[in-house]
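Peer 1: What follows is a structure written as structure tokens; I'll ask about it next.
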Amino acid sequence: MSTRSISTRVPQEIADQLAAEARRRSVTESDLIREIIAARYLDASRSAMEPRPKIQSLDEYAQLIFEVAKTRSVILHSLDHTLGAEVVDEIIDTAEQTAKEHVAQVLKSEETQS
């Protein structure tokens, strides 16, 4: 696929979030931006202007929560038997903090889009 350079300015807050996400994922900001744009415009299952599909029903949401909880239980059970309870508790505490930070960032992003 041929490429073309596009320059644009974004608000400082967005630039800071992009930089933080790129650092977190150990990629360049350019690679992250390309990934975001490709996910939006190169997804063949929908047109470029069609919004991302959202969960349509409470049943779909419940199924998603069930699968996440089931997977979490399997992983924690396995870790508990291989690493011990203390190490697993530390992992859980760290994961909970990371999840809280992610949720706060997503909610903040949703508020600014509204």
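Peer 1: Given R₀ = 35 Å, FRET efficiency for residue 74-residue 12 by Cβ-Cβ distance, to 0.05? Mind showing how you got there, number by number?
Peer 2: Numbers: r = 42 Å, r/R0 = 1.20.
Approximately 0.25, to the nearest 0.05.
Peer 1: Note down the nm distance, to one decimal, between modelled labels 7 Å out along Cα→Cβ at residue 90 and at residue 34.
Peer 2: Here the modelled spin labels are 3.8 nm apart.
Peer 1: Which label belongs to the value computed from this structure, given these candidates for mean projected area of the Cα convex hull in nm²: (1) 8.4; (2) 6.5; (3) 10.7?
Peer 2: (3)
Read the figures in this text as sums done on the coordinates, not as results from a lab. In this text the structure is predicted, and so the values were computed from the model without any measurement. Note that we place each Cβ from the backbone using ideal geometry, even for glycine, and neighbour counts take in every protein chain shown.
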